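Here's the structure, in structure tokens; my notes come after.
The values are calculated or read from the model by the stated rules, or taken from the named source; none is laboratory data. The model shown is predicted, which means the values in this text are computed figures rather than measured ones. Every residue, glycine among them, receives a Cβ derived from its backbone with ideal geometry; neighbour counts consider all protein chains shown.
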Amino acid sequence: MPELRLHNTLTGAKEVFSPREPQRVTMYVCGPTVYNYVHIGNARPVVVFDCLYRLLSALYPQVVYARNVTDIDDKIIDAALHRGTDIAEVSTEFTQKYREDMAALNALAPTIEPMATEHIEDMIALIDRLIARGHAYEADGHALFAVESMPTYGELSGRKLEDMMAGARVEVADYKRHPGDFVLWKPSTDQEPGWGSPWGRGRPGWHLECSAMIRAHLGEAIDIHGGGRDLVFPHHENERAQSCCAYGGDFVRYWIHNAFIDMDGEKMSKSLGNVRTVRELLARFPGEVLRFALLSAHYRSALNFSGELLTSARGTLDTFYGALRRRVDVEPATLNVSDSRVFLALLDDMNTPEAIAALHAAASILNKSDDPQEIAMAKAELTVGGRLLGILDADPVAWFTDVVGKDGLSAEEIEALIEERTAAKASRNFQRADQIRDDLEAQGVMLEDGPKGTQWRRRS
């Protein structure tokens with residue numbers, strides 16, 4: 001079997017991937033907290049781990065991919081209060097919109113999509129187990145994890161306990177034995193959703209949810225746990241603490257994290273007003289353009305998301321689809337996935353820039369070669385490699401004729417004008433032919449004359 005190497009956040013090194021079971025891989029990726037539309041930064045881990053899912057599926061007979069939905073959280077409660085409705089309505093609405101947006105990015109549905117509210121009993125059982133093993137305690141209606149009970153706490157994030165007095169989603173409170181102790185269960189007011197528990201009516205802490213869902217669906221230990229780099233601490237550090245202390249062992253064999261997205265050279269944040277949702281971007285660009293832009297940089301490198309990046313992504317896809325359109329009548333050769341240059345690039349820690357370079361090479365052959373065998377093999381590379389990256393599955397002709405988020409001439413109207421232009425050229429009425437070409441260009445329609453006639457595309 002080809003050797004896959006992945007960068008493990010825990011060790012800080014690229015390692016040869018070896019699953020716990022030879023023929024089965026388990027992977028868990030943190031999903032959305034469903035209280036609003038997801039932004040483009042949220043989409044990067046979805047696309048990155050979808051690509052990894054495709055790669056693993058080409059390597060192993062069974063890949064179990066779980067991506068959770070956090071449907072109980074303070075942000076959801078706040079959104080429901082603001083709208084004057086209940087949290088179920090908010091979470092149901094935005095779960096569906098999330099699925100629609102991710103499907104538009106050509107992300108495959110995960111094998112399992114657990115909902116936090118469906119695993120409350122599992123969460124309570126996990127807390128009971130931690131308390132019984134001396135790793136958690138009850139205080140002031142809360143159940144808390146005792147960070148000092150785990151000698152290796154902080155190992156994943158590389159932080160020392162004394163440096164963790166407070167942080168994201170970490171509350172310093174008098175009832176804690178140590179300021180770094182984190183909430184497993186917290187009380188709910190009468191106006192907040194809650195469930196009965198040994199510690200009173202309340203709801204789970206954010207970190208606890210993923211540990212319980214992993215245990216319920218994938219077992220006590222898994223092969224891969226993924227997410228954005230922002231989750232390393234405190235979320236994944238705390239997940240690791242809970243699960244390791246409850247069940248023993250290493251919990252996760254490979255921790256994989258993607259880097260952040262900047263927006264036009266600045267950190268994406270609500271305060272700067274530069275947060276862009278996937279939905280608003282889909283109104284202006286095909287989902288494939290957004291996906292390709294997210295894959296254009298290595299997943300562990302920061303990505304500057306900008307208009308220039310999207311224009312470049314569209315241009316590159318135009319190049320690939322243009323080559324496929326030029327050879328639309330050619331049957332691709334038979335190509336084993338393991339022989340694909342894209343596949344070989346992805347084996348090296350998901351090196352998508354190198355994989356894209358392989359597609360460029362194949363497109364160049366389609367455009368320039370006269371060798372039928374070489375052309376058929378290059379088309380196979382684009383087809384097989386594109387499938388691994390989750391791109392190039394559209395009809396090459398439709399790619400240039402479909403339009404997203406723009407008004408203008410219909411395809412039928414454009415085709416009629418092209419026919420009129422062809423007739424005008426045949427009758428040597430070049431003035432009319434040029435006028436039609438100029439009028440179409442003014443409306444964003446570009447014509448390309450060639451030996452097989454005139455093809456057209458909409459300007460990006």
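Name the one entry in 85, 33 that is closer than 19 Å to residue 207 by Cα and out of contact with any Pro (no Cβ under 7 Å at 6 or more places or on another chain). It is 33. Residue 320 falls short on exactly one of the conditions (1) free of Cβ contacts under 8 Å to residues at least 24 places away in the same chain; (2) buried (at least 22 other Cβ atoms within 10 Å of the Cβ); (3) hydrophobic (A, V, I, L, M, F, W, C), and that condition is (1). Taking the listed residues 253, 291, 279, 215, the one that is touching an Asp or Glu at 6+ places or on another chain (Cβ under 8 Å), part of a helix (DSSP H, G or I), closer than 30 Å to residue 386 by Cα and at pLDDT 95 or above is 279, with no other qualifying.
Report yes if residue 101 is among the acidic types (Asp, Glu), modelled with pLDDT of 95 or more, assigned to a helix (DSSP H, G or I) and closer than 16 Å to residue 209 by Cα, otherwise no. When the stated conditions are applied, residue 101 does not pass them. For the range 115-132, taking the residues that are more than 26 Å from the chain's Cα centre (by Cα) and β-branched (Val, Ile, Thr), the one that is farthest from residue 203 (Cα to Cα) is identified as 131.
Select from the range 35-78 the residues that are small (Gly, Ala, Ser) and either farther than 22 Å from residue 208 by Cα or outside the structural domain of residue 22 (by TED's automatic domain parsing) (or both) and list them in ascending order. Within the range 35-78, 41, 43, 57, 58 meet the criteria.
Within the range 1-16, residues that are under 20 Å from residue 54 (Cβ atoms) have Cβ atoms under 9 Å from residues that are part of a strand (DSSP E or B) and of a type in the set (Phe, Trp, Tyr) in these pairs: 6/254; 7/254, counting only partners at least 6 apart in sequence or on another chain.
Check 71, 86, 50, 78 and return the single one that is among the charged types (D, E, K, R), more than 30 Å from residue 345 (Cβ to Cβ) and crowded, with 22+ Cβ neighbours inside 10 Å.
On the way: 86 fails: crowded, with 22+ Cβ neighbours inside 10 Å; 50 fails: more than 30 Å from residue 345 (Cβ to Cβ); 78 fails: crowded, with 22+ Cβ neighbours inside 10 Å.
After ruling out the rest, the residue left standing is 71.
Tallying residues that are among the aliphatic types (A, V, I, L, M) and either closer than 11 Å to residue 337 by Cα or within 24 Å of the chain's Cα centre (by Cα) (or both) within the range 362-389 yields 5.
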